[in-house]
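Written out below as structure tokens is the structure these notes cover.
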Amino acid sequence: MTLQAIELWRGAIDLVSPFRTSFGTDTARELLYVHAIGDKNSGWGECVAGVEPNYSSEYLENCQEVVKRFLVPMLRSDSTAQSFVASVASIRGNYMSKACVEVALLDLQLRDQNTSLAKFLGATQTKVRSGVSVGIQNTLDDLIRVVGEYIAQGYVRVKLKIEPGTDIELVRTVRKEFGDDLLLQVDANAAYTVADAKHLQQLDAFNLLLIEQPLPEDDLAGHVELSRAIKTPVCLDESVTSLDTARGALDLKACSVINIKPGRVGGYLEAKKIHDLCLDRGVPVWCGGMLETGIGRAANLALAALPGFTLPGDISASARYFARDITTPFVLDQGQIAVPNTVGIGVAPLPEMLAGFKKVATFEVAKR
């Protein structure tokens, strides 16, 4: 593989409906894509950062600046995803910035090697069970209607976003309406403190798969205490930013499930290491979502096809979020979505969709 240039593309796609969490409400997805151009093929990567630094300290403008000022200058014509990860190890944090460059390089080099990302990572499944993430609704009637629509579409698991004041009654209502057979979990996005342990004990009555990231990301001690206080399995999301933080959380027994988001941990190479650790320890993992378009969704499907992903993830059909995706849309079929099996991530932006985006920077890569 010979890397020749890196392009950065910006744009936005409206969501089909507002998506509300404890952080706020999204009505559109602002996007940054990295396009790695080689002598034969090219690869694409999607940055999962949001517009504001609420889910994490990273945000889209920051990521664009980090990619331009610090990451791209480290690339050479013979750079691979593996050598890139090694070269940027000295840059602290900035996982989402690193991840979008890494996957663009992976897409490029695997296209040159005529192999798929799924095969490269070690996928054992050709289809992935699909769950859906349901944002906080205005009323309980709205919630029942929305959940019912997703179940009718075939989603096999429902995740409810919760926050203080909008939690127990919400879960009770959904469980009563749809029964005990529904695979149901909740996501707090770090909205609680360990002082809420007694309150969160009430969730134990509803046979949930898990409660995701109930406490602030840096409060591992609090998660240890909470895990002892409630029966509902505790899953970590924002707290897990690397193989080392995952290992530490498991060693401390701060959680019994991990949500692996490649963008949050610096890319798919690190995500694979976390998967392997959890598989070795018998800890279930699942693949979370960050409102990705088809570029990020395709790569996530490849990861979620690994054997340790025993719980349905948040990789929904394209139509869950977008009236029209930037790639050929992913479709739900009997509760599953097919894993791309061609070359690289298996998709690329549709020309007519990319025409609505803007190329904001082009960098020639130094030869070596």
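Screening the candidates LEU301, LEU269, LEU311 for the property of being within 24 Å of THR327 (Cα to Cα) and in contact with a Phe, Trp or Tyr (Cβ under 8 Å, 6 or more places away or on another chain) yields one hit, LEU301.
Give TYR59, TYR95, TYR55 a once-over and let me know the one that is under 23 Å from the mean Cα position of the chain (by Cα), surrounded by 14 or more Cβ atoms within 10 Å (Cβ to Cβ) and farther than 24 Å from VAL134 by Cα. Full working, then the answer.
Working: TYR59 fails: farther than 24 Å from VAL134 by Cα; TYR55 fails: farther than 24 Å from VAL134 by Cα.
After ruling out the rest, the residue left standing is TYR95.
Among the residues of the stretch 8-27, those that are in a strand (DSSP E or B) and among the polar types (S, T, N, Q) comprise SER17, THR21, THR25, THR27.
Each row is one residue, and each column tells you yes or no for (1) assigned by TED's automatic domain parsing to the domain that holds SER22; (2) of a type in the set (A, V, I, L, M, F, W, C); (3) more than 23 Å from the chain's Cα centre (by Cα); (4) at pLDDT below 95.
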position	(1), (2), (3), (4)
LYS159	no, no, no, no
ASP180	no, no, yes, no
ASP187	no, no, no, no
ALA191	no, yes, no, no
ILE211	no, yes, no, no
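Considering the stretch 1-48, the residues that are of a type in the set (Phe, Trp, Tyr) and within 18 Å of the chain's Cα centre (by Cα) include one that is modelled with the lowest pLDDT, namely PHE23. A search for C-beta distances below 6 Å between a residue of the stretch 190-201 that is without any contact (Cβ under 8 Å) to a residue 40 or more places away in the chain and any residue that is of a type in the set (Val, Ile, Thr) and buried (at least 17 other Cβ atoms within 10 Å of the Cβ), counting only pairs 6+ apart in sequence or on different chains, returns LEU200/ILE230; GLN201/ILE230.
Name the residue, out of ALA298, ALA304, ALA319, ALA271, that is surrounded by fewer than 24 Cβ atoms within 10 Å (Cβ to Cβ) and assigned by TED's automatic domain parsing to the domain that holds GLU217. Show your work before the answer.
Details: ALA298 fails: surrounded by fewer than 24 Cβ atoms within 10 Å (Cβ to Cβ); ALA304 fails: surrounded by fewer than 24 Cβ atoms within 10 Å (Cβ to Cβ); ALA271 fails: surrounded by fewer than 24 Cβ atoms within 10 Å (Cβ to Cβ).
Result of the check over ALA298, ALA304, ALA319, ALA271: ALA319.
When the test is whether a residue is in contact with a strand residue (DSSP E or B) (Cβ under 7 Å, 6 or more places away or on another chain) and within 30 Å of TYR33 (Cβ to Cβ), ARG129 passes it.
Residues of the stretch 66-79 include none that is in contact with an Asp or Glu (Cβ under 9 Å, 6 or more places away or on another chain), in a loop (DSSP other than H, G, I, E, B), without any contact (Cβ under 8 Å) to a residue 60 or more places away in the chain and outside the structural domain of LEU303 (by TED's automatic domain parsing). Per the listing SER239, SER227, the residue uniquely of a type in the set (Gly, Ala, Ser), free of Cβ contacts under 8 Å to residues at least 60 places away in the same chain and outside any helix (DSSP H, G or I) is SER239.
Can you tell which of VAL85, VAL128 is among the hydrophobic types (A, V, I, L, M, F, W, C), closer than 30 Å to SER17 by Cα and touching a residue at least 12 places away in the same chain (Cβ under 8 Å)?
Working: VAL85 fails: closer than 30 Å to SER17 by Cα.
Step by step, each of VAL85, VAL128 is checked, and only VAL128 is among the hydrophobic types (A, V, I, L, M, F, W, C), closer than 30 Å to SER17 by Cα and touching a residue at least 12 places away in the same chain (Cβ under 8 Å).
All of (1) within 22 Å of GLY154 (Cα to Cα); (2) surrounded by 24 or more Cβ atoms within 10 Å (Cβ to Cβ) hold for LEU311 with one exception: (2).
Going through (1) assigned by TED's automatic domain parsing to the domain that holds TRP286; (2) surrounded by 24 or more Cβ atoms within 10 Å (Cβ to Cβ); (3) within 25 Å of THR245 (Cα to Cα) one by one, GLY122 falls short only on (2).
Counting only residues that are part of a loop (DSSP other than H, G, I, E, B) and crowded, with 21+ Cβ neighbours inside 10 Å, the stretch 338-347 holds 5 of them.
When the stretch 260-284 is examined, which residues are found to be assigned to a helix (DSSP H, G or I) and without any contact (Cβ under 8 Å) to a residue 40 or more places away in the chain? ALA271, LYS273, ILE274, HIS275, ASP276, LEU277, CYS278, LEU279, ASP280, ARG281 - these are the residues of the stretch 260-284 that are assigned to a helix (DSSP H, G or I) and without any contact (Cβ under 8 Å) to a residue 40 or more places away in the chain.
GLY154 fulfils the conditions (1) over 18 Å from TYR321 (Cβ atoms); (2) surrounded by fewer than 16 Cβ atoms within 10 Å (Cβ to Cβ); (3) under 22 Å from the mean Cα position of the chain (by Cα) except for a single criterion, (1). Would you call TYR55 at pLDDT 95 or above, of a type in the set (Ser, Thr, Tyr) and within 24 Å of GLY93 (Cβ to Cβ)? No, not satisfied.
The values are calculated or read from the model by the stated rules, or taken from the named source; none is laboratory data. All of these numbers come straight from a predicted model, not from anything done at the bench. Note that each Cβ is placed from the backbone with ideal geometry, even for glycine, and that neighbours are counted across all protein chains shown.
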